[in-house]
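Below you'll find the structure, written out as structure tokens, and then a few comments.
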Amino acid sequence: MSTNSTISVTLDFYKEEYKSNLSDYHLSEEQSRYAPVPLKALLQCEEDGTRYPVVILYNGVPAGFFILHGWEGVKAYSDNKDAILLRGYSVNSKFQGKGIAKESLIVLDSFVKREFPSKSEIILAVNHKNKIAQHVYKKGGFVDKGVRVMGRKGELFILHKEL
């Protein structure tokens, strides 16, 4: 029997009620090299109105987190003003291995279409050494068109998903 039929993965903008779950948030050492824990990322959102914090809910419980960043974030990686940047993506360690990441990237399309109707593309930058994340993003429908950018921690692959 497939376990996916019992998974309910939804996305919601960050709300104060999610804070206690997100404060108990753990990433492996490897993952923490590439993504901040949610409460640290939220501070950046408070300072930058073009960053929208999004919570990944697994059967209603906060299990992951990412930021959708407008043009201020996109312009470092793309000329497409109708794109939105996915950044700081992670799933809490205790929820990993349940298919949440892949499912969240699939429901991301309808979330962005609903909340940001002018956007035609989602892009993200993933470190060339972060093979696990690259695999997850590609399973979630992102495509590598060969765009490369140098980041603070090495070469980044820019992945694209048309909406």
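What follows draws every value from the coordinates through simple rules; no lab data is involved. Nothing here was measured: the structure is a model prediction, and the numbers come from that model. Cβ atoms come from the backbone with ideal geometry, glycine included; neighbour counts cover every protein chain shown.
Miscellaneous remarks
- Here's how it looks for Tyr89: its modeled amide H is under 5 Å from those of Ile67, which are all 5 or more places away or on a different chain.
- Distance cut-off 18 Å, percentage of C-alpha pairs in the chain lying past it: 58
- Ranking of Phe95, Phe66, Phe157, Phe13 by neighbouring Cβ atoms within 10 Å, starting from the fewest: Phe13, Phe95, Phe157, Phe66.
- Sequence of Lys113, Lys138 once ranked by neighbouring C-beta atoms within 10 Å, starting from the fewest: Lys113, Lys138
- Positive end of the dipole of the chain (Cβ unit charges, origin at the Cα centre): among Ser20, Val74, Gln134, the Cα lying farthest that way belongs to Gln134.
- Förster-model FRET efficiency, 25 Å R0, Val107 and Ser20, C-beta, rounded to 0.05: 0.60
- Helices in the chain, meaning DSSP H runs of at least 4 residues, each add -39500 (n - 2.57). Divided by all residues, the mean residue ellipticity at 222 nm is -8000 deg cm²/dmol.
- Extension reserve of the Asp79-Glu46 stretch, reckoned as 0.36 nm per residue once the Cα distance is removed: 9.3 nm
- In this structure, the amide hydrogen of Ala63, modeled 1.01 Å from its nitrogen in the peptide plane, lies closer than 5 angstrom to those of Ile56, Leu57, Tyr58, counting only residues at least 5 positions away or on a different chain.
- Beta bridges by DSSP in the chain, antiparallel share as percent, to the nearest 5: 90
- Sorting Arg152, Arg87 by the number of Cβ atoms found within 10 Å of their own Cβ, with the fewest placed first, yields Arg152, Arg87.
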